[in-house]
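So the structure is just underneath, and the comments pick up after that.
Rule-based calculations on the coordinates, nothing more; no lab input. Keep in mind the model is a prediction, meaning the values are calculated, not measured. Cβ atoms come from the backbone with ideal geometry, glycine included; neighbour counts cover every protein chain shown.
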Amino acid sequence: MADIDIQHLANLAQLELSQQEISVVGEDLQRIMIMVDQMQAIDTSNVEPLAHPLDARQRLRPDQITETIERDLYQQGAPATADGLYLVPRVVE
Amino acid sequence: MSWESVIGLEVHVQLATNSKIFSGAPTAFGAEPNTQACVVDLGLPGVLPVLNEEAVRMAVKFGLAIGAEIHPYSVFDRKNYFYPDLPKGYQISQFEQPIVGRGSLTVHVEGCEPQQVGITRAHLEEDAGKSIHDAYAGLTGIDLNRTGTPLLEVVSEPDLRTAAEAAAYFRQLHSLVRYLKICDGNLAEGSMRCDANVSVRRVGDPELGVRAEIKNINSFRFVEMAITYEIERQIELLESGGTVARDTRLYDAERNETRSMRSKELSNDYRYFPDPDLLPIELDQSFIDAVAADLPELPEAKLKRYVAQLELSDYDAAWLTQDPEVAEFFEAVFAQAGNAKLAANWVMGELSAALNKAELSIAESPVPAATLGELLQRIADGTVSGKIAKGLFDTLWQSGGDVDTIIASEGLQQVTDSGEIQAMVDEIVAANPDQVAQFLSGKDKVFGFFVGQVMKASKGKANPAQVNELLRAALKK
């Protein structure tokens with residue numbers, strides 16, 4: 001059985017979980033891991049890894065400017081803006 | 001016991017497309033904040049990326065130029081991390097199946113044999129936005145204009161052993177992408193950014209030491225300085241009994257030191273997986289062949305041709321081929337002048353000095369290549385002397401004009417009429433009996449005085465070889 005570090009995953013996902021949530025999520029993930037382990041047991045050494053379920057290739061787009069940019073409209077949904085910039089809580093660098 | 005440093009570089013090359021890698025928004029530098037970020041770049045719900053064909057073509061072009069294997073099948077992955085200037089919460093990149101495989105680049109370090117540096121891979125990805133930390137109290141400003149700009153990340157093997165080699169490699173890469181016209185090469189605007197992985201080990205130790213990664217160095221000089229500092233820091237640490245921590249560092253050019261980035265202390269866990277929004281890239285051989293047919297002469301081939309065919313020195317050839325615009329200018333001058341050495345001397349000497357003084361690039365030269373070529377043609381065919389040509393060059397630089405017209409109107413033709421030169425020689429010899437006596441008593445140095453006097457009398461226009469010959473004859477009488 002895989003040892004899942006829920007707190008680590010929560011940090012990566014930027015989620016704040018209570019102790020109770022951590023144990024509930026932990027149990028859910030354990031069950032999911034059982035299924036994953038079953039799949040892992042299948043011998044796939046002769047199978048090409050599947051990058052995409054669709055059997056098609058990427059369409060390419062000509063290098064042309066086709067978008068009009070409505071900054072004011074887009075920024076209406078932002079909590080804070082100034083001088084055309086989006087403002088977010090200070091990121092320590 | 002002595003130490004050896006091991007260096008590998010990851011260089012982000014910003015591809016010079018008109019539009020973003022996955023959207024039709026413009027990529028021009030310096031626009032008002034957030035006026036070049038469309039809904040796809042902002043990662044709004046429901047949008048889908050569509051791959052720019054030109055970005056793919058540029059990646060293939062680069063791969064072919066470094067003799068790399070072009071993978072006909074490659075995959076885009078999501079690299080997951082949270083940062084405010086990455087609106088989707090992931091960067092679209094290539095992880096396990098990059099478009100360009102293993103290749104190499106020939107690097108020239110002054111005073112050393114040319115060296116082959118291995119390139120592990122090059123992959124396509126999108127750039128993130130920009131964070132502005134200092135302008136707003138307690139807040140960070142986010143400009144997403146750069147978001148989605150196509151990047152080619154070029155990863156070298158840990159083949160580099162000195163800071164000078166690393167800088168030379170970066171320079172060579174810069175030269176190559178400009179030849180290929182896949183990047184504008186503007187380091188100040190961040191068009192090429194370099195991360196350096198640096199470690200040290202005892203000479204002879206087969207194991208690599210623990211490495212530090214220096215992020216985002218954006219000049220040739222800083223690459224050399226940052227790596228030099230980092231090597232010394234690690235050696236000092238190890239010699240005083242400490243250990244090198246594997247960390248990510250920033251180079252502070254003002255203090256000339258590298259510092260650990262606290263924000264990257266948490267170990268990276270990017271959880272790459274294939275991006276379900278993008279299908280795999282499949283390239284037909286005809287696509288690759290078409291790109292190959294379109295490759296220009298590469299800097300290394302050009303350098304070798306200059307040495308072999310034009311009989312230029314290694315130094316001159318390297319100087320002239322570093323920048324494709326310089327090489328193009330030189331070739332246009334040479335085509336007109338017909339004399340490679342003369343063309344090289346003038347481009348590297350007179351022209352380069354004038355451009356430096358005026359702070360102009362060669363493309364902005366007030367004297368066009370064809371005009372300089374005509375001027376050199378007139379030196380080569382003896383119409384004007386080298387000295388007169390320099391004055392003429394100044395005139396062309398200041399006020400332009402046609403070479404032959406100026407020569408005719410200013411009467412600058414070299415005097416090659418031996419009768420005319422003879423008359424001047426006779427006059428100078430007659431006017432300076434003391435110096436004649438000195439010369440005859442064995443003071444050979446006085447000969448220079450006579451040459452100078454005759455050239456002065458001819459206002460610099462007498463053919464120097466003829467002056468020499470006629471003077472010797474006259475003085476021996």
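Tell me, what is the percent relative contact order of segment B:371-424, built from C-alpha pairs under 8 Å that lie six or more residues apart?
35 percent
So what's the gap between the Cα centers of segment B:174-242 and segment A:34-63, to the nearest angstrom?
Cα centres, segment B:174-242 to segment A:34-63: 36 Å.
Quick one: the Cα spread of segment B:279-321 along its three principal axes, in angstroms, biggest first?
The Cα atoms of segment B:279-321 stretch 50, 18, 10 Å along the principal axes, largest first.
Averaging over all projection directions, find the projected area of the Cα convex hull of segment B:200-343 and quote it in nm² with one decimal place.
If you wrap the Cα atoms of segment B:200-343 in a convex hull and average its projections, you get 16.5 nm².
Check each of the trypsin sites (Lys or Arg not before Pro) in segment B:350-444 and keep only those in coil by DSSP with at most 13 other C-beta atoms within 10 angstrom; list them in order.
For trypsin sites (Lys or Arg not before Pro) across segment B:350-444 that sit outside H, G, I, E and B with at most 13 neighbouring Cβ atoms in 10 Å, the list reads B:Lys443.
Quote the Stokes-Einstein diffusion coefficient, in whole µm² s⁻¹, for the protein assembly as shown, based on the Kirkwood radius over alpha carbon pairs, a temperature of 20 °C and a viscosity of 1.002 mPa s.
74 µm²/s
Between B:Val203 and B:Ser352, what is the FRET efficiency for a Förster distance of 41 Å, r being their Cβ-Cβ separation, to the nearest 0.05?
Efficiency at R0 = 41 Å is approximately 0.50.
Segment B:345-414: D in µm²/s via Stokes-Einstein (Kirkwood Rh, Cα pairs, 10 °C, 1.306 mPa s)?
131 µm²/s
With all pairs of different alpha carbon atoms counted, what Kirkwood hydrodynamic radius in Å does chain B show?
Result for chain B, one decimal place: 26.7 Å.
Efficiency by 1/(1 + (r/R0)^6): what FRET value for A:Asp5 and A:Thr66, r their Cβ-Cβ distance, R0 = 35 Å, to the nearest 0.05?
Efficiency at R0 = 35 Å is approximately 0.20.
Cα atoms only: what Rg and Dmax, in Å, come out for segment B:297-410?
Rg, Dmax (Cα atoms, Å): 13.8, 44.
At B:Arg305 and B:Phe29, where each label point lies 7 Å from the Cα along Cα→Cβ, what is the point-to-point distance in nanometres?
Label-label distance for B:Arg305 and B:Phe29, simple model: 2.9 nm.
When you take every Cα atom in segment B:322-477, what is the radius of gyration, and what is Dmax, the widest Cα pair distance, in Å?
Reported Rg and Dmax, both Å: 18.8, 57.
If eta is 1.567 mPa s and T is 4 °C, what Stokes-Einstein diffusion coefficient results for chain A, Kirkwood Rh from Cα pairs, in µm²/s?
The estimated diffusion coefficient comes to 67 µm²/s.
List every residue whose amide H lies under 5 Å from the amide H of B:Asp127, counting only residues 5 or more places away in sequence or on a different chain, with H placed 1.01 Å from N in the peptide plane.
B:Gly148, B:Thr149, B:Leu151
When the Karplus curve 6.51 cos²θ - 1.76 cosθ + 1.60 is applied with θ = phi - 60°, which whole-Hz ³J(HN,Hα) does each residue of segment B:389-398 get, with x for Gly and Pro?
4, 5, x, 5, 4, 4, 4, 4, 4, 6
Do the alpha carbons of any pairs in B:Lys215/B:Lys304; B:Lys61/B:Lys304; B:Lys130/B:Lys302; B:Lys79/B:Lys181 sit beyond 30 Å of each other, and which pairs?
B:Lys215/B:Lys304; B:Lys130/B:Lys302
Could you please rank B:Tyr136, B:Tyr90, B:Tyr169, placing first whichever residue has the fewest other Cβ atoms within 10 Å of its Cβ?
Listed from fewest to most nearby Cβ atoms, that is B:Tyr136, B:Tyr90, B:Tyr169.
Could you work out how much longer the chain between B:Phe449 and B:Glu325 gets when fully extended? Use 0.36 nm per residue separation minus the Cα distance between them, nm to one decimal.
40.3 nm
Based on C-alpha coordinates, I'd like the Rg and Dmax of segment B:1-102, in Å.
Rg then Dmax for segment B:1-102, in Å: 16.8, 61.
Enumerate the amide H contacts of B:Glu157 below 5 Å, restricted to partners 5 or more residues apart or on another chain; note that Pro and chain-start residues carry no placed amide H.
Long-range HN contacts for B:Glu157: B:Gly118, B:Ile119, B:Thr120.
Using a simple charge model, +1 on the beta-carbon of Lys and Arg, -1 on the beta-carbon of Asp and Glu, nothing else, what dipole does the protein assembly as shown show about its Cα centre, in debye to the nearest 20?
1780 debye
With everything on Cα atoms, drop me the angle between helix B:464-476 and the longest principal axis of chain B, reported from 0 to 90° to the nearest 10.
The angle comes out at about 30 degrees.
So what is Rg over Rh here for segment B:373-418, counting just Cα atoms and using Kirkwood for Rh?
0.94
Report the Cα-based extents of segment B:418-476 along its three principal axes, largest first, to the nearest Å.
29, 18, 18
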